[in-house]
Structure formats: C-alpha cells, structure tokens
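The values are calculated or read from the model by the stated rules, or taken from the named source; none is laboratory data. The shown structure was predicted, so the numbers you read here are calculated from the model rather than taken from an experiment. Because the Cβ atoms are built from the backbone with ideal geometry, glycine has one as well, and the counts that use them run over all protein chains shown. Only protein heavy atoms, including side chains, enter the accessible area calculation; ligands, DNA and RNA are left aside. Shrake-Rupley method; radii C 1.70, N 1.55, O 1.52, S 1.80 Å.
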Amino acid sequence: MKFIRGLMLCLVAVPMLAQAATVDQTNPYKMMDKVSAHLFGTLKAEQKKIQANPEELRVIVKQELLPYINARYAAYKVLGANLRNTTAEQRDAFTAAFTDYLVASYAQVLTQYTDQKIELESPKPVPADRSIISVRVDIIDPQRPPIRLDFKLRLNKKTKEWQGFDMVAEGVSMLSTKQSEWSGQLRTKGIDAVTQSLRDLAAKPIHIEKN
C-alpha cells in the first residue's frame, strides 16, 4: 500500500487558524469528529479552486491540519536512536523540513478526495492513565474495498490536549515506515543530508492524479 493512500483522512480543523481554538482537543474522539467534518466540508466548498490550482491544498493543510499534529514529536520518533547524535540546530532543521514534507504529502493525498463516506468509531471512555490512544476511521468508497485507518494521538500533559502523531493504515504505521526508509540514510549520510532530501521532496509541485 502506498504511503499516501493511508493519509487521506488526516486530522484537520476549520478554515482559519483563528477558529482552530474552537475545536475541543481535550477529548480525542470529539476532536476527530469535529475536525474531519470541517475538513470534508472545506474540501467540497473549495473544489473548483483546488482543481484550478492544486497548490491551494498546501494552504488548507497549513491552516487546518498543523494545529492538530505534534510534528516535532513525530519527527523525533522518525529519528529514533539517531536523535542522540544530533545538535539542537540539526533537530530544529529536521523538524522544519519534516513538517514541510508532511504538508506536501497531505496536500497531495487530498487531491484524491471524491466525496467518500467517512465512519469514525464510537467514543469510548479514555482511561486517566493513558497518554496515547488510537481512534479508528473507515473510509467507505463504493468503487473500492473499505480502508481502515487508526489515528494515534498523544496527550500533552501540560495543556491536557490531544494531538495526532501517527497513522496506521491497514496495520502499517506511517512513522515506522518512514523510520525504516530513512534509518540507513541517517546512518550513512547523516541528518543534514536527510533534511535536505526532505526539503527537496516538500518542494515538488502538488498535482491532480489521474485515476
């Protein structure tokens, strides 16, 4: 399965950053329900603009998605054991490049949206001692078999808000996949080279994929 296929139902929120604070992040299930509803409403409303200029999706992702993702935590998870051999400046540069890469990846995936039906699992009690949970989402498309996604969210113990950091598509973790893919390059070429590779990937134009 392609990495981008599984990213289709990323966490997103409302059209303006100023409105992002209105989404309650203290309950992961309510947050997922709210942001997904806003996402697909926005995509429907902006389809003409998106079809004319797919780069508009970068704007949507930056405004609606990033407030709900802990990009630094995700970046550090990808670095894994390589993290200890980096400087603060290198970590900051890698996180920035990784964030831009996520924006580009999510934007590219969102070009595939064609009004699929989305089903979220019913809310469950969140144990007080849990700081990481998964929320299941099913994408129902009459033209294809259903796709199961499990979004992993982490509780910020200071703010008491939940943020996404990983997505598991049909049992395959996005972060684990990226960690395996880049671990060899991190060991042989170093973090600076991988950071530049991420910048190059992020800079590629967003385009509408033909089925």
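Go through the range 175-211 residue by residue and tally those that are open to solvent by less than 70 Å² (accessible area, probe 1.4 Å), outside any helix (DSSP H, G or I) and farther than 22 Å from GLU89 by Cβ.
2
Given the conditions (1) buried (at least 17 other Cβ atoms within 10 Å of the Cβ); (2) under 19 Å from the mean Cα position of the chain (by Cα), which single one is not true for ARG148?
(1)
As an exercise: evaluate VAL168 against (1) surrounded by fewer than 18 Cβ atoms within 10 Å (Cβ to Cβ); (2) outside any helix (DSSP H, G or I); (3) touching a residue at least 24 places away in the same chain (Cβ under 8 Å); (4) not polar (S, T, N, Q) and give the number of the one condition it does not meet.
For VAL168, the exception is condition (1).
Here is a check on your reading of the model: is ALA107 closer than 27 Å to LEU201 by Cα, open to solvent by less than 30 Å² (accessible area, probe 1.4 Å) and at pLDDT 90 or above? It would help to see each step written out before you state the result.
Details: closer than 27 Å to LEU201 by Cα: yes; open to solvent by less than 30 Å² (accessible area, probe 1.4 Å): yes; at pLDDT 90 or above: no.
Here the answer is no, as ALA107 does not meet what is asked.
Among the numbered criteria (1) within 26 Å of LEU83 (Cα to Cα); (2) surrounded by fewer than 18 Cβ atoms within 10 Å (Cβ to Cβ); (3) acidic (Asp, Glu), which single criterion is violated by ASP141?
Result: ASP141 fails condition (1) only.
Looking at the structure I just gave you, is PRO123 part of a loop (DSSP other than H, G, I, E, B) and touching a residue at least 60 places away in the same chain (Cβ under 8 Å)? Don't jump to the end; show me each part of the working.
On the way: part of a loop (DSSP other than H, G, I, E, B): yes; touching a residue at least 60 places away in the same chain (Cβ under 8 Å): yes.
Yes: the conditions hold for PRO123.
Quick one: is TYR101 assigned to a helix (DSSP H, G or I), within 18 Å of ASP200 (Cα to Cα), in contact with a Leu (Cβ under 7 Å, 6 or more places away or on another chain) and at pLDDT 90 or above? Before the answer, list the steps.
Working: assigned to a helix (DSSP H, G or I): yes; within 18 Å of ASP200 (Cα to Cα): yes; in contact with a Leu (Cβ under 7 Å, 6 or more places away or on another chain): yes; at pLDDT 90 or above: yes.
So TYR101 fits the description; yes.
Which of the residues belonging to the range 84-99 are aliphatic (A, V, I, L, M) and either without any contact (Cβ under 8 Å) to a residue 40 or more places away in the chain or open to solvent by 40 Å² or more (accessible area, probe 1.4 Å) (or both)? Outline the logic, then answer.
Just the residues of the range 84-99 that are aliphatic (A, V, I, L, M), to begin with: 88, 93, 96-97.
Result: ALA88, ALA96.
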